[in-house]
1. How much FRET efficiency would the formula 1/(1 + (r/R0)^6) give for A:LEU69 and A:LYS170, where r is the Cβ-Cβ distance and R0 is 22 Å, rounded to 0.05?
2. For the modelled label position 7 Å from the Cα of B:SER140 along Cα-to-Cβ, which residues of the stretch A:38-64 have backbone nitrogen atoms closer than 19 Å?
3. Connecting C-alpha atoms closer than 10 Å in a GNM of chain B, tell me which of B:THR223, B:THR279, B:THR156 has the biggest fluctuation.
4. Could you list which residues have their amide H under 5 Å from that of B:THR127, counting only those 5 or more apart in sequence or on another chain, with H placed in the peptide plane?
5. For the pair A:GLN156 and B:TYR232, how long in nm is the line joining their label points, each one 7 Å along Cα→Cβ?
6. If packing is taken as the average count of other Cβ atoms within 10 Å, what order do A:95-106, A:112-123 fall into, highest mean first?
7. Please give the length that would be gained between B:LEU105 and B:LEU188 if that part of the chain were fully extended, namely 0.36 nm times their separation in residues minus their C-alpha to C-alpha distance (nm, one decimal).
8. Could you tell me what % of all Cα pairs in the stretch B:58-170 have separations over 19 Å?
Amino acid sequence: MKKILFVMLVAIGFSQFAHAQIYITRTGYIGFFSKTPMEDIKAENSQVYAVIDVAKKNIAFAALLKGFLFRKQLMQEHFNENYVESDKYPKATFSGTFKSNEDVTQNGVHNVDVSGKISLHGVENPVTTTATLEMKDGKLTGKAHLLMVPGDYNIQIPSLVREKIEKEIKVEILIECSATK
Amino acid sequence: MSAGTIINRTTMRKKICYILLSSLFLSTAVFSQDSTLLNMLTDSMTNQGDKGIVTQTFKATQIINLPTVEAPKRNNMQFLIMHRFGKINDGAYEFFGLDNADIRLALDYGITDRFAIGIGRSSLDKTFDGSFKWKILQQSKRMPVTVSLYELITNTTLKYEDKPYLDAKLRTAYTSQLLIARKFSRNLSLQFSPAWTHYNLVPTPEDKNDVITLSMGGRMKITKRMSINAEYNYILPDQIVSTTAYNSLSLGLDIETGGHVFQLVFSNTQGMIGPWYLTKTSGTWGNGDIYFGFNISRSFNFNKEKEAKKW
């Protein structure tokens, strides 16, 4: 009985080990853009944490909202202070899964469908998008575009500046992950 | 030992085995849920990412008259209009002060994120001023307060027919202020500021050339974009003898919209720069010597567009 148990334990342990293909980065990029005739808004964060589990097809992101850099310092302060309230809700996160007909562990560019939940400003919303995953020499690069509506995340835009901010904010995501050892 | 207990023991063992095995499988099942990945990320992020730098202690570069620890950031310029009407107790003939006005126009420019310079011109005594504001300490997780040094030089150019001896040197005064502020919560910020004003010329020998004052001020946000402000400037006794100078108390309301900050102001002092609101306040609230006014600031950004990340 003990032997069987031991063998099973070892087998389970190994199977986990063999499947632990986790790719991670701490320097992922998320940028968002809004373009109106009155104002161009652009903010970029290059310290995004991201992790992809290739075997389980799971994917997760976390970004500090204070890490988003704007060209206009004042805009950055207002973003943190009045819009996303980063002192109360310091992080934006995503966690979800991806689907693909291809084997993403093979070198090459693979199209995937990502679905999961974005959490921002204390609000969680489901989101689905297409993305690409490129495997190249043990590095996994993910790219995706999203459209996000501030109102979905309880981010109110005062009527005075409504003309200056697009209804839907374009979000770009670029992560270059390396395998964990 | 009876046979029954032995059987019981084997079934016990089997049970334990099952429990162990199933718990193992369960644990793997739990691990494969995506929230674990996210927890892994957020844990390591909490451990290193955030320095907790505190920004926006105040919305404007002045509480009402008293400069705050805030200044325009690098390559940002602020145009500031400070405006005070006459005293409310001037009565109906002066339209409760609205017939008269004092104005200060100022430009402030951030050379770095922590060092800004400024120039200004007040209509009161036709005064020019120059200043710098240097942020020495920045409130963060490790630092309880933000500390800035504000240095102001003023020169009055009002002509006096009877005082031809007044040269530029005698018309000059200096104010140094140490601005110590803490943002206690997202709504409440307080500032304490000792100040030293030096006059090259005072009215009588009994008056001190160096006047020490203590200022207290703060803001309480009432909505995300509005706050109520107050400041009090206290003159230490036995410094100004020949004239009566009162302590100044000012109340204000901040309204912030995009690049503008609009401040509505009630104060018993007319001047808007160091030597005036600190040491030359001639009115009191009790007598109704209240000046209504406003400050409007507009910020301009001269930072060049950084090249977009290529991908």
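1. Working: r = 17 Å, r/R0 = 0.76.
Here the calculated transfer efficiency is 0.85.
2. Taking a point 7 Å out along Cα→Cβ of B:SER140, the residues of the stretch A:38-64 whose backbone N falls under 19 Å are A:46-48, A:64.
3. It is B:THR223.
4. B:SER122, B:THR157
5. 3.4 nm
6. On the way: A:95-106: 15.2, A:112-123: 17.1.
Top of the packing list down: A:112-123, A:95-106.
7. Working: separation 83, 0.36 × 83 = 29.88 nm, distance 2.85 nm.
Fully extending the segment from B:LEU105 to B:LEU188 adds 27.0 nm.
8. Details: 3630 of 6328 pairs.
Counting every Cα pair in the stretch B:58-170, those more than 19 Å apart make up 57 percent.
Every number here is computed from the coordinates shown, using simple stated rules; none is lab data. Just so it is clear, the model here is predicted, and its values are computed rather than measured. Using ideal geometry, Cβ is built from the backbone for each residue, glycine included, and neighbour counts are taken over all protein chains shown.
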